[in-house]
1. Have a look at E105, E198 and point out the one that is modelled with pLDDT under 80 and either open to solvent by 40 Å² or more (accessible area, probe 1.4 Å) or under 19 Å from the mean Cα position of the chain (by Cα) (or both).
2. Given the conditions (1) modelled with pLDDT under 90; (2) surrounded by fewer than 18 Cβ atoms within 10 Å (Cβ to Cβ), and given that V303 satisfies all but one, which numbered condition is not satisfied?
3. Considering only residues of segment 64-102 that are in a helix (DSSP H, G or I) and under 18 Å from A42 (Cα atoms), which is least open to solvent (accessible area, probe 1.4 Å)?
4. Scan segment 45-63 residue by residue and report those that are outside any helix (DSSP H, G or I) and out of contact with any helix residue (DSSP H, G or I) (no Cβ under 7 Å at 6 or more places or on another chain).
5. Filter segment 209-247 down to the residues that are in contact with a helix residue (DSSP H, G or I) (Cβ under 8 Å, 6 or more places away or on another chain) and modelled with pLDDT of 90 or more, then identify the one that is surrounded by the fewest Cβ atoms within 10 Å (Cβ to Cβ).
6. Within segment 248-297, restricting attention to residues that are under 27 Å from the mean Cα position of the chain (by Cα) and basic (K, R), which residue is most open to solvent (accessible area, probe 1.4 Å)?
7. Considering every residue within segment 254-269, establish whether at least one is touching a strand residue (DSSP E or B) at 6+ places or on another chain (Cβ under 8 Å), closer than 22 Å to R130 by Cα, among the small types (G, A, S) and without any contact (Cβ under 8 Å) to a residue 60 or more places away in the chain.
8. Hey, among the residues in segment 43-57 that are open to solvent by 100 Å² or more (accessible area, probe 1.4 Å) and within 41 Å of the chain's Cα centre (by Cα), which one's farthest from E20 (Cα to Cα)?
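The values are calculated or read from the model by the stated rules, or taken from the named source; none is laboratory data. On a predicted model such as this, the values are computed, not experimentally measured, just so you know. No Cβ is skipped: glycine too gets one built from the backbone with ideal geometry, and neighbour counts run over all protein chains shown. All accessible areas refer to the heavy atoms of the entire protein, side chains included, with ligands and DNA or RNA removed. Shrake-Rupley method; radii C 1.70, N 1.55, O 1.52, S 1.80 Å.
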Amino acid sequence: KAAKTGGGGAAAPQGLGCMEVMSVGELAAHLKVCEFATVECANVGCQALLIPKDVLGHAATCEHRVAPCTHCSKQVGWKSIEAHQNLCPKATVKCATKGCKEEVEKGLGSLHVCQHQEMSCPACEETLLRKDVPAHWQTHAEAHELAEIPAKMEEMKRKISDLEDKELSEKRHAHPSTKTLVFNWRAEGWGPGYYASESFDLGGGGVADCVLKCGDAPEVFSHFIGFDIVGEHKTLRVHATMSVLDKEDRTLRQVYEIGTAAAPKEVSPEGNDGYYGIDFTPTKAEQDASVRPDGSVRLRAVVRVF
């Protein structure tokens with residue numbers, strides 16, 4: 001056994017590593033604390049051998065280190081992080097339509113229904129923004145003389161129905177894992193009453209039914225359309241639309257939308273006492289176009305659960 005020097009061993013000359021002298025029996029314990037013992041870099045693919053004091057400095061510059069994507073938080077290799085972030089589907093981009101300031105995720109861009117998109121009124125051919133269509137129709141209903149242009153009305157309904165079917169198909173293909181429910185339910189006309197659909201499973205312990213409440217007050221907003229949520233779940237994220245159908249089961253008017261495909265709404269039995277919807281009053285033209293020979297009205301719900 002060689003003699004140790006001054007209470008812990010001889011100091012190592014600069015650049016020569018550990019010079020401490022000890023017995024063979026003490027070697028294993030010493031290696032656990034020796035500041036010159038080498039360790040492998042923890043990053044996958046890196047074969048660097050380091051002494052403890054160099055580990056932190058190497059970790060900060062190692063070419064094999066990983067870092068989180070600022071958009072999706074996924075851990076990505078440092079060499080690939082820039083390329084990943086440029087293509088990440090969670091990265092947001094501004095809508096290219098003039099006047100629209102909404103930002104959407106790259107992966108959901110096709111689901112963005114821009115309210116600043118230009119559209120032509122099928123009755124008068126005036127060009128207007130999507131967001132202005134409802135007000136335009138309400139203001140110019142008489143001028144359009146809708147009763148005298150049934151062919152254009154039918155063409156408009158067909159185009160709207162085709163567009164909605166196309167958008168729904170795109171949304172289903174964009175998110176194959178999302179649960180989508182599409183169904184119609186019946187109301188006994190627009191007179192006073194409470195009309196509910198069959199209950200449907202939202203998943204995660206949540207159950208809901210769609211409702212139409214018709215009041216007897218003549219004033220504006222005498223009706224309510226929406227859905228009632230019950231169950232044991234805490235919170236679900238949904239995007240849902242509810243529409244009134246015409247006599248041919250085509251969309252006459254989308255009355256209510258909660259959330260969007262890009263930003264689903266969080267709902268729960270506790271929020272709003274489980275009720276989510278909107279008050280409205282159907283116009284006389286909508287009532288005439290929706291009431292069927294047997295006096296009933298059909299409504300459609302599209303509910304997507306994320």
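1. E105
2. (2)
3. W78
4. If the condition is that a residue be outside any helix (DSSP H, G or I) and out of contact with any helix residue (DSSP H, G or I) (no Cβ under 7 Å at 6 or more places or on another chain), then G45, C46, Q47, L49, I51, C62 are the ones that fit.
5. K247
6. K265
7. Checking segment 254-269: at least one residue is touching a strand residue (DSSP E or B) at 6+ places or on another chain (Cβ under 8 Å), closer than 22 Å to R130 by Cα, among the small types (G, A, S) and without any contact (Cβ under 8 Å) to a residue 60 or more places away in the chain.
8. This residue is V44.
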